[in-house]
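The values are calculated or read from the model by the stated rules, or taken from the named source; none is laboratory data. Quick caveat: nothing in here was measured; it's all calculated off a predicted structure. Cβ sites come from the backbone with ideal geometry, for glycine too, and all protein chains shown count toward neighbours. With ligands, DNA and RNA removed, areas are computed over all heavy atoms of the protein, side chains included. Shrake-Rupley method; radii C 1.70, N 1.55, O 1.52, S 1.80 Å.
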Amino acid sequence: MPQFTTMQRIEKILKDLVAQAALQHWNINLEEEHIQVQKTRREFEGDFTVVVFPLLRYSKQNPEQTGKFLGSYLVGSSDLIEAFNVIKGFLNLVVAQQYWKDQLDGPLCSHDYGMILPGADAPTVMIEYSSPNTNKPLHLGHIRNNLLGHSVSSILKATGKHVEQVNLVNDRGIHICKSMLAWQKNGNGEDPVSSGMKGDHLVGKYYVRYDQIYKSQVQTLVEKGMPKKEAEAEAEVLKEAREMLRRWEAEDPEVRKLWETMNSWVYAGFELTYKRLGISFDKTYYESETYKLGKELVLKGLNKGVLYQKEDGSIWANLEEEGLDHKLLLRSDGTSVYMTQDVGTAHQRYEESVFDSHIYVVGNEQNYHFQVLTIVLKKLGYAWADKLYHLNYGMVELPEGKMKSREGTVVDADELMDEMEDTARQMSEELGKLEDFTEEEKSRIYRQVGMGALKYFILKVDPKKNMTFDPRESVDFNGNTGSFIQYTYARIRSVLRKGAEKHKGTSQEVLNEKEIALIRIMYDFPEILVEAARTLNPSLLANFLYELAKEFNQFYHDHSILSAETEGQISQRLLLIESAGNIIESGMELLGIEVPERM
RNA sequence: GGCUCCAUAGUUCAAGGGAUAGAAUAGCGGUUUCCUAAACCGUAGAUACAGGUUCGAGUCCUGUUGGAGCUACCA
């Protein structure tokens, strides 16, 4: 009979025991994945539940009999199982208190509980996110992208992967020419210093200006009797922008100089926004350096006969076999399109660093693009095409509908962050808990709380789903929010400071129901992390931390820590809440959220 | 037109094919001489519709309705 120790995961122990019972009594070799063990629902007695329905075909007995048989078997085979009950087809098992005590005394209080350190042979994951255009500042949609990319990167690192975070800046193209052109026309030499504007906002201002000029020109043409479609193609300023792009591609020194200048303003602005969001990259690629990549690969593909050329010279991939359309890969003038470039950058990155997987954090409106990218790479003969993964996330919408830059309903990233911190400040001042703090300490806390609320609000939603961003709701600091979790942490730290001398770091006393409930939740942390990493889904972690915080607050409300009955109990509770604090801290860090000592 | 995704309390989100569908918020009603009330407790409220598969369906399949995205020699 195998020996089990309290250091093993209990789910594994239960599955092994069930499999053992099946082998001995039903003469059947049960695969582990066919044994269902889940957490017992609150309303029933027990810690873990074996679902017996799937086992009936082997036991040849009814659910009740099968459950009872397995229950007695488990209780008889291991000291870790104390009792059981069977309700319908569910076998509920009570785990011995010693098991929970040993968790608390052992792994739970470790600062890196649940983390997996990357070994020498850790897989390399490359992750591309953010990918901004340089013609306007970042908005709410970018925030979701950046927060997701950063959090997923952190979660992958925490589960033993080697992660390379990369950014691909879209720094060239007609859009930036439009900003440049409008600045030339109306800028009067204005720059970030003279205007006092953040560089990305300044350039964005001229992008808007361009659109105004363009619209009025179209309007004028229409008034002169030109059909609207034609006018939209004939507007003078559009032709000028195209001409500027042509000169840019011809490396015209004057255009290049202006381009470099205005881009440098934007980068300085982005840098501030990134810093504020707390994100950074291992490597930044610029499209101006990569946009010609892929052309050779496409030509090679043409030679191999996996692509075809039309009479006008353009090169295409036929994707009909895959149930899709035909896709252009090189224009008739020989220039690249976005797809060509992505084929090229993927190839380049694989050459630079042989990754085990490559994640693109890009909105779901580009699902088709990435589907095609993988197929084209496979056609070109690259087996690693299967290692590309498109982490597609849903749109962020406002209560009144989609964000539209033309209608000015876009939520600007910088303004939003200002607003969040400002609301945090107002809220805090009303509560008046930080009055003895210095201004620096206060503003640090306002920043932590404001940013925490924003980040949590976005990350708690399943990335795949579209989400509604209600500004009023996002600055709410009550309920299922980042602030709630931060507040819980601050409470824990406060008690720990006051009880430092009584903290012996051991668990000797009998645990009550609330204490066990808290341990049970904390015990799930490693599995939540692994699952969040597997599914690239930080919302699992966010919702877990909320559950943990809620459970702690109940415990805190019902039981005094520092005035517990015995010294041993005080010490044990301090150990318990320290563990909870550690998990909250490290979990929040994986979401990119700081936790304050006080608030 | 074709392809893909989505539809859960008034609202915003949860629910690895498993028990009586959970939270938050808004509403109503409570809790503080006591470790931070940014907290805690109680109350009420939902699976778009119609079939099917299954011992069991919010979850899988088909259809209907409603919404979003994609379907550029744009990125």
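Hey, does the range A:273-284 have a residue that's within 15 Å of A:THR335 (Cβ to Cβ), outside the structural domain of A:LYS178 (by TED's automatic domain parsing) and in contact with a strand residue (DSSP E or B) (Cβ under 7 Å, 6 or more places away or on another chain)? No, because not a single residue in the range A:273-284 is within 15 Å of A:THR335 (Cβ to Cβ), outside the structural domain of A:LYS178 (by TED's automatic domain parsing) and in contact with a strand residue (DSSP E or B) (Cβ under 7 Å, 6 or more places away or on another chain). In the set (1) over 26 Å from A:GLY278 (Cβ atoms); (2) more than 27 Å from the chain's Cα centre (by Cα); (3) not β-branched (Val, Ile, Thr), A:LEU518 fails one condition alone, (2). Could you check the range A:150-207 and list, in sequence order, the residues that are free of Cβ contacts under 8 Å to residues at least 24 places away in the same chain and among the basic types (Lys, Arg)? Within the range A:150-207, A:LYS205 is the sole residue that qualifies. Among residues of the range A:115-154 being within 17 Å of A:THR284 (Cβ to Cβ) and among the small types (Gly, Ala, Ser), the one that is surrounded by the most Cβ atoms within 10 Å (Cβ to Cβ) is A:GLY149.
Please go through the range A:540-587 and pick out each residue that is more than 18 Å from A:GLU527 (Cβ to Cβ) and more than 11 Å from RNA strand B (Cβ to nearest atom). A:GLU565, A:THR566, A:GLU567, A:GLY568, A:GLN569, A:SER571, A:GLN572, A:LEU575, A:LEU576, A:GLU578, A:GLY581, A:GLU585 - these are the residues of the range A:540-587 that are more than 18 Å from A:GLU527 (Cβ to Cβ) and more than 11 Å from RNA strand B (Cβ to nearest atom). Pairs are defined by a Cβ separation below 7 Å, a sequence spacing of at least 6 or placement on different chains, a first member in the range A:433-454 that is touching a residue at least 24 places away in the same chain (Cβ under 8 Å), and a second member that is open to solvent by 40 Å² or more (accessible area, probe 1.4 Å) and more than 12 Å from RNA strand B (Cβ to nearest atom); the pairs so defined are A:GLN448/A:GLU594; A:GLY452/A:GLU594. Of all residues in the range A:334-358, those that are open to solvent by 10 Å² or more (accessible area, probe 1.4 Å) have Cβ atoms under 9 Å from Cβ atoms of residues that are part of a helix (DSSP H, G or I) and of a type in the set (Phe, Trp, Tyr), 6 or more apart or on another chain, in A:TYR350/A:TRP384; A:VAL354/A:TRP384. Pairs meeting the criteria (first residue in the range A:312-324 and without any contact (Cβ under 8 Å) to a residue 60 or more places away in the chain and acidic (Asp, Glu), second residue more than 8 Å from RNA strand B (Cβ to nearest atom) and part of a helix (DSSP H, G or I), beta carbons under 6 Å, at least 6 apart or on different chains) are A:GLU322/A:ILE375. Residues in the range A:337-378 that are over 23 Å from A:ASN145 (Cα atoms), part of a helix (DSSP H, G or I) and either touching a strand residue (DSSP E or B) at 6+ places or on another chain (Cβ under 6 Å) or near RNA strand B (Cβ under 10 Å from one of its atoms) (or both): A:THR340, A:VAL376.
Can you find a residue that is within 10 Å of RNA strand B (Cβ to nearest atom), assigned to a helix (DSSP H, G or I), open to solvent by 40 Å² or more (accessible area, probe 1.4 Å) and within 15 Å of A:ASP476 (Cβ to Cβ) anywhere in the range A:429-438? Among the residues of the range A:429-438, at least one is within 10 Å of RNA strand B (Cβ to nearest atom), assigned to a helix (DSSP H, G or I), open to solvent by 40 Å² or more (accessible area, probe 1.4 Å) and within 15 Å of A:ASP476 (Cβ to Cβ), which makes the answer yes. Entry remark, the range A:10-48: residues being of a type outside the set (Asp, Glu) and touching a residue at least 60 places away in the same chain (Cβ under 8 Å) number 5 in total. Filtered by the rule that a residue be of a type in the set (Ser, Thr, Tyr) and modelled with pLDDT of 95 or more, the range A:442-473 gives A:SER443, A:TYR446, A:TYR456. Could you say whether any residue in the range A:474-492 is under 30 Å from A:HIS390 (Cβ atoms), modelled with pLDDT under 95, near RNA strand B (Cβ under 10 Å from one of its atoms) and assigned by TED's automatic domain parsing to the domain that holds A:TYR546? Yes, the range A:474-492 has at least one match.
Identification of helices (runs of 4 or more DSSP H) wholly contained in the range A:179-286 with 3 or more residues that are open to solvent by 70 Å² or more (accessible area, probe 1.4 Å) yields A:199-223, A:228-234, A:236-249, A:253-277.
Within the range A:317-333, the set of residues being within 10 Å of RNA strand B (Cβ to nearest atom) and open to solvent by less than 50 Å² (accessible area, probe 1.4 Å) comprises A:LEU324, A:LEU328, A:LEU329, A:LEU330.
When A:GLU441, A:GLU501 are screened for being over 30 Å from A:HIS201 (Cα atoms), open to solvent by 60 Å² or more (accessible area, probe 1.4 Å) and either assigned to a helix (DSSP H, G or I) or within 9 Å of RNA strand B (Cβ to nearest atom) (or both), only A:GLU501 passes. Within the range A:38-59, take every residue that is under 19 Å from A:SER72 (Cα atoms) and near RNA strand B (Cβ under 6 Å from one of its atoms) and give me the one that is surrounded by the most Cβ atoms within 10 Å (Cβ to Cβ). Only one residue fits best here, namely A:THR49. I'd like the residue in the range A:444-494 that is in contact with a helix residue (DSSP H, G or I) (Cβ under 9 Å, 6 or more places away or on another chain) and hydroxyl-bearing (Ser, Thr, Tyr) and, out of all such residues, is most open to solvent (accessible area, probe 1.4 Å). Per the criteria, the residue is A:TYR487. If you filter the range A:398-419 down to residues that are over 18 Å from A:ASN146 (Cβ atoms) and part of a strand (DSSP E or B), you find that the one that is nearest to RNA strand B (Cβ to nearest atom) is A:GLY401. (1) touching a helix residue (DSSP H, G or I) at 6+ places or on another chain (Cβ under 8 Å); (2) surrounded by 14 or more Cβ atoms within 10 Å (Cβ to Cβ); (3) assigned to a helix (DSSP H, G or I): which one isn't true of A:ASP422, the others all being true? Unmet for A:ASP422, out of (1) touching a helix residue (DSSP H, G or I) at 6+ places or on another chain (Cβ under 8 Å); (2) surrounded by 14 or more Cβ atoms within 10 Å (Cβ to Cβ); (3) assigned to a helix (DSSP H, G or I): (2).
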